[in-house]
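Quick note: the coordinates plus some simple rules give every number you see, no bench work behind them. Because the structure is a prediction, the values reported are computed rather than measured. Reconstructed Cβ throughout: ideal geometry from the backbone, glycine too, with neighbour counts over all protein chains shown.
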Amino acid sequence: MPENTPPESDPFADLYGRLPDPRTGSRAADAPPSRRAAREARRAENDTTAAGDAAPQSSPARASESPTGSPQPTAAEAAPRSAAAAADTARATAAGHAAGTSRTGAAGAPAGTSRTGAAGATAGRGAVATSDAPAGPRRGVAVDAGTQPAREPATVGAGSAAVATEPAPGTVASGSLEQLFTGQTTTHEIGHTAPQPTRRRRRVGPWIALAVVVLLVGGIAGGGFALWNTYGERVQAFFGGGEPLDYEAGQATGETRVTIVSGDTGESVSPKMFEAGVTKASNSLYKYMVDNNVAFTFQPGVYKLQQQMTSEAVLLALRQPENRLNYSVQLREGLTLAQSLDLIAEQLAIPRADLDAAVADPSQYGVPASTLEGWIFPATYDFDEGVTPQQVIDTMVKRTMQSLDTAGVPEGDRERILIIASIIEREARSSEDFYKVSRVIENRLQPTNQETFGKLEMDSTVQYGAGEMGSGSVSTSEEARNSDNPWNTYMYPGLPIGPIANAGDLAIDAAMKPADGPWLYFVTVNLDTGETVFTSTLSEHEKAVAQWQAWCADNPNSGC
């Protein structure tokens, strides 16, 4: 079988030749010359033979004389000498490989050993012993970490011996066999000096690290700031820190009125105090009573208090009879006539039957309507001792006419404006919404839109007609929508027959000055915040209704 000769420049053939024999444990130094060494010896011998055959024939005189006048050997004399030199070269090559010298100049080789391991002696005129690789540093594998790779021998002229070059001081192989087989280096990197980081890279590295640290610190600080803004007050409240819920003693100033009705407790009175500017927070009074285990019975009536009071001072003022105004009445917006009469009777200690008689004939107060519904203005009233029921009602009706005149309502249009204003008062949630709700009512009352929609369809009017104003729900029941009464705007077109509640100054002004817009629908999608969505198409309205239904599902018992 013919021998499979490896390629001439196979780095791995020579590399594997230097590895220990797993069968005998001997290293390359104990093994016979490798095939590469034998191959190079044969090539050197062939080159010598060819040189002998190709030597030109010359006369003894010319052959014995060099251009410089020194005698030169003839071809016959040079052939044996060339053959001897080739043999010496082959033997040196084999010896170099036997001693562990690699193609790339491994450690342990004699100084000056070339790539073929030959001494590099000259062989006749013009013959030079050179390496078959270019001059310069070559890649080598260092068996020992302290071994320096050998350099290529320099080219030697005729008649001179090959000179072995020493490795450059400080040059260290960049890898080892162990690093090669563990993947830490490659055959291309063996023998190279490890690259040093450039000065620019050494300068940029610390700045990059500093930038990363700054970004991390900034991100942590920013995130902590955002979390504190969001949850700081809750954390402080949990640990008892943060801003106190009460004003400091000695800050009380001014004067205000607060109405307490039957059944009020600390939990229901506390928000009233905050809205009147008496306490610092809506839960100030209630929290003070709970923390200090204060039991207090609130008596109905209108109380004269100061603003910016401490909770302790508020309870003390409520106990003092002089702060209770026995002849004062405070009515809020959105109350019906019946609800208003109940508060008047309670706060002024007037029998309810006397008040019913006082409102039986609206004409005696100049009201062109069958009832005084919507004509009892919501405000705070102070009366003298001995005031009669008729005087009380007359004062409140005149206050309504004053508001209508201020808004510029014509005398013949007062009832219509009060009807619209009462619907706005019951439907709208914010001052801006008052004017938008007014626009929806006006748009729906337009003849073209009435042909499309047919009816006003306001839940507040349906609830009033069915007696569900105090049900605590903003939506109407199926029974209320089917109730046959002149306030059922789901059943009858246009406005209801009369107002459904008392309206304040803002609602009356909104009824006279509706906002500009194409809205035909609105729905309050969050009863806690009062967020209301106004739309101009049915599909948009249905999406808003679905949003409201989802909120109601997430917030049961919230007045839906």
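Show me 302-312, 351-361 ranked by packing, highest mean number of other Cβ atoms within 10 Å first.
302-312, 351-361
I want to verify the translational diffusion coefficient of the stretch 455-560 in µm²/s; compute it with Stokes-Einstein, Rh as the Kirkwood radius over Cα pairs, at 10 °C and 1.306 mPa s. Before the final figure, lay out the partial values.
Numbers: Rh = 15.2 Å.
Answer, rounded: 105 µm²/s.
Can you compute the charge dipole magnitude of the stretch 253-325 about its Cα centre, using +1 on each Lys and Arg Cβ and -1 on each Asp and Glu Cβ, nothing else charged? Give it in debye, rounded to the nearest 20.
Roughly 100 debye, rounded to the nearest 20.
How many nm separate the modelled label positions at V217 and D354, each set 7 Å beyond the Cα in the direction of the Cβ?
Spacing of the two 7 Å Cα→Cβ label points: 7.9 nm.
Rank these for me by crowding, E415, E255, going from fewest to most other beta carbons within 10 Å.
E255, E415
Can you work out D for the stretch 329-485 in µm² s⁻¹ from Stokes-Einstein, where Rh is the Kirkwood radius over C-alpha pairs, the temperature is 25 °C and the viscosity is 0.890 mPa s?
This corresponds to a translational diffusion coefficient of 142 µm²/s.
Got a sec? Charge dipole of the stretch 253-325, +1 on Cβ for Lys and Arg, -1 for Asp and Glu; which of T265, L305, Y286 is way out at the positive end?
Highest projection toward the positive end goes to L305.
Of N485, T448, G472, which is farthest along the charge dipole of the stretch 351-519 in the positive direction, counting Lys and Arg as +1 and Asp and Glu as -1 at C-beta?
So the residue we want is T448.
Under the classification rounded if a/c is under 1.5, otherwise prolate if a/b is larger than b/c and oblate if not, where does the stretch 420-472 fall, given a ≥ b ≥ c as square roots of the Cα gyration tensor eigenvalues?
Details: a/c = 3.12, a/b = 1.28, b/c = 2.45.
Note, shape of the stretch 420-472 comes out oblate.
Label 7 Å along Cα→Cβ of V545; the stretch 471-491 residues with amide nitrogen under 20 Å?
Label zone hits: 473-483, 488-491.
Using +1 on the beta carbon of Lys and Arg, -1 on that of Asp and Glu, and nothing else charged, what's the dipole of the stretch 351-519 about the Cα centre, debye to 20?
Details: 13 positive and 27 negative charges, 83 e Å.
Here the stretch 351-519 has a charge dipole of around 400 debye.
Contour minus end-to-end for F296 and D264, with contour as 0.36 nm per residue of separation and end-to-end as the Cα-Cα distance?
Answer, rounded to one decimal: 10.5 nm.
Order these peptides, 371-378, 339-346, by their mean beta-carbon neighbour count within 10 angstrom, highest first.
Going from most to least packed, we get 371-378, 339-346.
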